[in-house]
Each structure stands twice: as structure tokens, then as C-alpha cells.
Amino acid sequence: MTETVFQDIKFALRVFRKSPLFTAVVILTLALGIGANTAIFSIVNAVLLRSLPFHDPDRLQKVTFNNPGVGLRDVPFSVPEFEDLKTRAGVFEDVSVVWPVSANLTGAKEPQRLELLVVSPNYFSMLGATPQIGRLLGAEDFSIGFSTAAIISDGLWRRGYGADPNILGRGLRLDNDLYTIVGVLPPGFRHPGKTVAKDVEIWGTAGYSADPFPKPARNVRLLPEAIARLKPGITGRQAQARLDIMASELRQEFSSDYPPLAKWSIAIQPLQQSLVGDVRPMMLVLMGTVILIILIASVNIANLLLARASGRQQEIALRLTLGASRSRMVRQLLTESLILSLLGGLAGVAAPSVTLGSILRFLPHGIPRLSEVRVDGVVLLFALLISVLTGLLFGLAPALQSTRPDVFAAIREGARGSGYSAKTNRLRGTLIVSELALAVVLMIGAGLLLHSFVGLLQANPGFNPSSVVAASIWLPVPNDPKADPYSGIAPQTIFVREALRRLRAIPGVDLAGMTSALPASEQAFSTALSIEDRPVESSQDLRAEAIRVTPDFFEVLRTPLVRGRFFTEGDEDGKQPVAIIDETTARRYWGDRDPLGRRLRFGQIPNFPWLSIVGIVKDIKHDGLEVDGVPHIYVPMYQRQGRTVSIVLRTSLPASVLEPQIRREVQSVDPGLPLFNVRSMREVMDDSLASRRFSSSLVGAFAAVALLLASLGIYGLLAYMVGQKSHEIGIRIALGAQPSDILGLILRRGMLLSSAGIFTGLLLAAVAAPAIASLLYGVHPIDPLVFLSVPAVFLVVAFLASSIPARRALRVDPIVALRDN
């Protein structure tokens, strides 16, 4: 058996040497398909399939607090509620708060903005992490406020400290507080969750019960996220059932803190699932796309093999006549196909190994675990599997067709045509219909994504991003309130006003404003509302996103005022508290009534001030261009304090030119403030669309490849048919057939096959399109524009591909055709 396998391989290699062009075309086609599958699978494997790199990752859960009665999910929770998870739930081995924030690194040559994650002391032990140097956080670091211990990432250690092995014990000043570095994490450690902007660089710990945090209370909900590890032997379903019971008990015990209509609840979700939930649909669509590409490529190669088999009829017939069995010949032909697919697979694997770094640079930064993408054993096994399956897929039909007994019986008897061409043409026609159907499905998917993306680009964001430059700063929050230079509204107002005065003086800057949340950046803070003249509804935990702005903010962005007025410099601390709402807030909470002059306040604490509504503005897409219907309430920056500040400038200058000037003016007011994320508002909006742009561009590129392969398949089939029917065409011409008759004969065949493939593809697409509904915005999965335009494109391409062989048929010389046949 082994000897015959080697014989088949040697014979296959001799066949390939005799037709190098054919071999190269097949290998390159396979390299394209297998390479695309390998590259995308390596990303899907790292992001979706590979377990989190922590101890016993299946027991790790994300804990969320929700108010489903008012449609709110993942709301903040309080310190007492966190203690309930640890001591009362009875299902968790460990629970940790995770609070991603910004921090200012001072004391260096230049102040820097760093990503800080504030966690509970058991965070690292829960994940099973080990340090590269020193130790990690533990029970000895517990503090009711902030602990002074700090853990730094490998990246910060190398970038900021030159990988100094004597780093332990070094001081680190964050937001004017001195911390001590006690450990360095290994290079591969990443926080398993969302961060503010990039990878976490510093980890600290706190008890969240002393300065700078407010006094703990059940209704003081400021903790943003929590992760937990289930106890051994407890399933997620059992844990959820116990949490449901606990939430019900808490609602009854503390009824004043849990409005009945809000239906406050606790939910858990596997940590890995929560981490990749937003990108899962996009990853699956990309994987499905490349699988369709390899299927289309396989069908095309099968057609090539069928065409090539016509030149090997005598060879195969002779071997069968000399005693070779049909199974032996099928095995020989399958061996040739498998060798081709394995060679294509080698080329396909080599390409991602070299170019994967470049591919990753084009991926949106919001996709988790991209640092773990690599071509590992699982990816290589996948490449081998898909190579073998591809070889069998495109090789089996030609092998069986080429060794049919009736074909060679006819050849031995000397029959003209042997009936081979008719049956082969039927098989090739079926393959072309299949190829076209798959290509139509892929093209419709690309069309839906593209239509959705174009719709987002054309959507009104509620402001004019042209000629606007944005930058961000973070006002420090020292642990000791007495050392806080920005404690209270007065010092923050002084800083903002002076910084704006200096920014307006920069040559080329027309207007300057500040906000706590840039549009399209998901920075807004959600808070509970009370509405004065709607006390019953206020008990339902109404919410809106609160955004602090300076008076010129709306003018900088050119957001239209619907009614009322904008803020003025006189809207400051000590004056009547005021607010501006957007149209969504007005519709949702006041309906047909006029909200101007009415009052609301944040939270349900009686001593919070009432805000009078003085204006209504057009909706601004603060949460991303694809997010609609989120209520926003704007308050004067001079009346409400906060630490997150973004600068917006209306200017004709690019961000790169303005950056050093903005930094100079901000640091002339406070030398310890770093400036970061300096970019145009166009770039901010582009970043919010990065994942949609990537998926639509990549699927569109693959759809174009599918269209090209399908057109080549139609052309190849008709060119083969013209060659096979040259005798018949010659007779028709000799008997007086007109050119239009010959053109009609070929074009009719091509268009009939194309129509069948397009119709089949439309039916498949109608079934498959709802699967990508979550990736669409403002576009129905069965979009008439896409479902009409894609068939039109394919019909045009099919006509062009068919017209070339048809014109070639007109050049058939009847005398030569009759003589040769």
C-alpha cells in the first residue's frame, strides 16, 4: 500500500512538471483561499476560541447589576452590594471590583497620562497571575481607601524604567499621590475586560470606603464593574438562581433603595463571553466569508480539472484498458488533487506567518486579545484540515467523472465525442451554478454591510465635525482631599476659564470650548434622574447621560438650538442651576409638553439641587453614530464639577500643528497636566466606525474576488464548450447560420446558467442575511436596493464573460472545423 502511494505521488509530480502553468494557477488560487482562511482563523481562534490565559478560566464570571424594568443594563453598584456578593451570595470563591480610570504620572520630565486599573486585593490571586519581578497585590495591601502598593505592566517597566531589575521600591507619583512599585507583571498579562483607551499600565487597590471615595451607602452606587470566580462544583445556572433569590431578598429588605418598577437584579456571564460579545458577530461573519471564498475557489479548480481531464482521456482510458481498476485511478487523481491542495496550503500558511503583523494593524483597536494572535499549532492543524478537505472537495467530482466506465467503453469503440462532453458540461454547469450562488451570497452580504456603513457616514451626528480639533486632559484626584488643587467647583472653574482664554489666543483658533464627553466617543456618564412634576415616574429610576460643557461648546460644534437658550458665562456656581436637554430627552420624559422651565435633578437624594431646563438642542451622537435614542442632559461646567475634560477648538489648522501649542497653553496654567488624544473630530468619528469600516472593507474585497472567480468560471465553461462544439458550430455556419444565431447559442447557455446561479444565491442570501442583522444600521437584512443591484451586477458580468467565448465562436472556420472532426 505504501509503495503504491509513493508511486501515485511520483506520478502526480511528473504530471505537474508537464503543465507548470496549470499547476501554478491552481496553487496560487488555493494559496489565496487557504491563506485568507488561515489568517482570519488565527484571529478568530485568539479572540473567540482560545481559553483565557488564566487559572481555570471557565469559572471566571463577569457580574452585572441591572434595572430591567426601565431598560437599563450594567448599572453601577454600591460598596454594600459588593459586600453582599462576597459574603451573602455563597456562590463565589473570589470577587473583585475592576475600575478602569485615567491617572496623571508626574515627577518625570514630562507629565504623562497612564491607564490605571483599581481592583480589589484578591484580583491577581483570583486570576492565578504570577509576577515577573517582585510580588502582586494581596491581603496585606487592603485599605479602606487607596493602598500605596502599585503593580506595573511589562510595557511600562521597559518603556519608562529601561527594564531596570532594581525597580522594586521605586516611587511612582500618580495624581500627586506617591505609590510604591512592588511588582512587575509578565509580558503576556492583559486585563480581561474593557479599558479606558488602551492596555492597562498600572494596577492599584482600594477599599472604596474612605477618601477619595464617599461614605459607603446602599444607594451610593459608584463602582462600575466586578468579576468573580465561582466556587468549585457550582455551575453558572446554579449561581444565577442563587443571585436571583438574593436580589429578591435585598429588594424586600431595602425597599427604599430599590424602586419596585426598576426590578433591580444581578446577572453573571462567563468572562470570556462578556469580553468578546460585541465583536463575536463580526468575527463569525469574517470567518463565514473566507469559508465561502475557499468553496468558490474549490469549485473553480474543479472546473479547471474537468477541462484538463479532456486532454487526459486517452491516458486514463489506456491505463484502465491495461488492467487498472477504477478505484485505483480515482485514488491517483485524488492524490494529485491533495498534493495541489497541500502545496497551496503551505503557500497559504506562509503568507499569514509573514504578513499577520500587517493584517493586525488594520484591525480596529477595540477588538480584545489581539496581542494573543499568532500562527500556533491549532492554526496549523486548521490549515492542514482545510487543505485536505479542499483537495477532496475540488478533486472528487472530476476524478469520478473522468473514470466513468461508459465513457471509456465508448472511447475503446471509437465513438465520436463518446458522450463525454455532454455529461461533463452538465457537471461543469452545475458547478458554475453553485459557484455563482455562493458568490451572490457573499456579494449581498458585502452590499448590506456597505449600505449600512454608507448610511452611517451620511447620518446626521448632531454637529459639524469639520474644522474641529479635540484634545483630552484629566484633572487629578489625590487620595487626600486636603491636597486636591481641584477640590470643589471654584478651582475647576478658574482653571477652565483661564485655559480657554489662552486657547482662544492661539493664532488660527476661532472658538474654544470644553466638555466632559466628546461626541462619538462613549465617554458620557449615565446617572439617575428625578423629575419634579413626575414623582411617580421618577421612582422608576429614570436615567440619562450627564455631560458637562462650557458656554461655547455648542457653538464650536455648531449644534442647532431647537428652543430656549445656550449657556452663558453667568451660569456659574451660586446662580440658578440650569440644564439643557436634547430632543430625545424631551420626547421621552415630557412627550407633547414643553420642558422649558421645568425642573429635574440627578439622583434621588433630597439635598441635590433642582436644575431648571433653559434650552433644547438637536440630538448629538455621543455614544457612537450607530446608537440612537439615548437621553442626554447638559449642565454648565461652571456649576458641576468633574475630572474628565476634553477640549474642542474650531480652527483651520490641523491637529498635528496645534498639539504643541495646546499642550503649552494648558501646562502654562497647570504644569502637571498631561495632554493626550489630540486629533480632529473627523478622526474621532472615524475611530467610532473602525470596526464597521474594517468588516465592510474586508468582506467587500472578498466579494470582489468571488465575483472575479465566478466570471472566470463562466468564461472557462463557455470557452470549453466552444472548443467542444467547434464541429457543430462549423456545420451550423456551413448550413447558413447567421452570426446572431451563433452568438445566441453561446450567450443563451451562459445567461441561463448565470440566472440559475443568481436565483439560487438570492434564495440562500434571503435565508442567511438575518444572521448579520446585528452588524447593520438602518438597513433591513432583506434590503431591496442590495437584493436588486447585486443580481444586476452579476448579470452584466456574466454577459461580459459570456460574450468573449461567443465572439470566439464567430471566428470558427467551417472548413477547418469539418476537416479536424
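Towards the positive end of the charge dipole of the chain, with charges on Cβ (+1 Lys, Arg; -1 Asp, Glu), say which of G169, G447, L707 has the farthest Cα.
My answer, from the dipole projection, is L707.
Per residue, how many Å² of accessible area does the chain show with a 1.4 Å probe?
43 Å²
With θ set to phi - 60° and the Karplus curve 6.51 cos²θ - 1.76 cosθ + 1.60, what are the ³J(HN,Hα) couplings of the range 38-53 in order, to the nearest whole Hz, using x for Gly and Pro?
Listing the rounded values in order: 5, 4, 5, 5, 4, 6, 4, 4, 5, 7, 9, 9, 5, 4, 4, x Hz.
At a Förster radius of 51 Å, what calculated FRET efficiency corresponds to the Cβ-Cβ distance of S466 and L178, to the nearest 0.05?
Result of the calculation: an efficiency of 0.70.
What pairs from K86/K482; K194/K231; K86/K215; K575/K621 go past 27 Å between their alpha carbons?
Violating the 27 Å limit, Cα to Cα: K86/K482; K575/K621.
Contour minus end-to-end for S51 and S789, with contour as 0.36 nm per residue of separation and end-to-end as the Cα-Cα distance?
Using 0.36 nm per residue and subtracting the Cα-Cα distance, I get 261.5 nm.
Could you work out the per residue convex hull volume over the alpha carbons of the chain, in cubic angstrom?
Taking the convex hull of the Cα positions in the chain, it is 211 Å³ per residue.
For the chain, with the dipole built from +1 on Lys and Arg beta-carbon atoms and -1 on Asp and Glu ones, taken about the Cα centre, which of A39, V373, V349 lies farthest toward the positive end?
Most positive-ward Cα: V349.
Let me spell out the model: positive unit charges on the Cβ of Lys and Arg, negative unit charges on the Cβ of Asp and Glu, origin at the Cα centre of the chain. What dipole size does that give, in debye rounded to 20?
So the magnitude is around 3140 debye.
Multiply the residue gap between D164 and E683 by 0.36 nm, knock off their C-alpha separation, and tell me the result in nm, one decimal place.
Between D164 and E683, full extension yields 183.2 nm more.
May I ask you to derive the FRET efficiency for A350 and D628 from their Cβ-Cβ distance with R0 = 45 Å, giving the value to the nearest 0.05?
0.50
For the range 1-149, calculate the relative contact order in percent as a whole number, restricting contacts to Cα pairs under 8 Å that are 6 or more residues apart.
Result for the range 1-149 is 12 percent.
Add -39500 (n - 2.57) for each DSSP H run of 4 or more in the chain, then divide by its residues: what number comes out at 222 nm, to the nearest 500 deg cm²/dmol?
So the calculated ellipticity at 222 nm is -16500 deg cm²/dmol.
Whenever you get a sec, compute what percent of the accessible area on the chain sits on carbon and sulfur atoms (1.4 Å probe).
60 percent
Based on Cβ point charges of +1 for Lys and Arg and -1 for Asp and Glu, what charge dipole magnitude is obtained for the range 48-127 about its Cα centre, in debye rounded to the nearest 20?
200 debye
If packing is taken as the average number of other Cβ atoms within 10 Å across a peptide's residues, how do 42-52, 442-452 rank, most packed first?
Per-residue mean Cβ counts within 10 Å order the peptides as 442-452, 42-52.
Would you mind computing, in nm to one decimal, how far apart the modelled labels at S327 and F22 are, each placed 7 Å from Cα along Cα→Cβ?
Placing both labels 7 Å beyond Cα along the Cβ direction yields 2.7 nm.
Near E225, within a Cβ-to-Cβ distance under 11 Å, what is the net charge of the other residues, with Lys and Arg +1 and Asp and Glu -1?
+1
Can you run phi through the Karplus equation (6.51, -1.76, 1.60; θ = phi - 60°) for the range 136-147 and list ³J(HN,Hα) in whole Hz, with x for Gly and Pro?
After applying 6.51 cos²θ - 1.76 cosθ + 1.60, I find 10, 5, x, 4, 5, 9, 5, 8, 5, x, 8, 7 Hz.
Among Y634, P551, G183, which residue has its Cα furthest toward the positive end of the charge dipole of the chain, with +1 on Lys/Arg Cβ and -1 on Asp/Glu Cβ?
Final value for the positive-end residue is G183.
So, R0 is 45 Å and r is the distance between the beta-carbons of D594 and I359; what FRET efficiency does that work out to, to 0.05?
0.25
Mark the label point 7 Å from the Cα of Q238 along Cα→Cβ and return the residues of the range 83-101 whose backbone N is within less than 16 Å of it.
Counting backbone N atoms under 16 Å from the label point, the list is 89-94.
The values are calculated or read from the model by the stated rules, or taken from the named source; none is laboratory data. Values in this document were obtained by computation on a predicted structure and should not be read as measured data. So basically every Cβ, Gly included, is an ideal-geometry build from the backbone, and we count neighbours across all protein chains shown. Accessible surface is based on the protein model in full, side chains and every heavy atom, while ligands, DNA and RNA are left aside. Shrake-Rupley method; radii C 1.70, N 1.55, O 1.52, S 1.80 Å.
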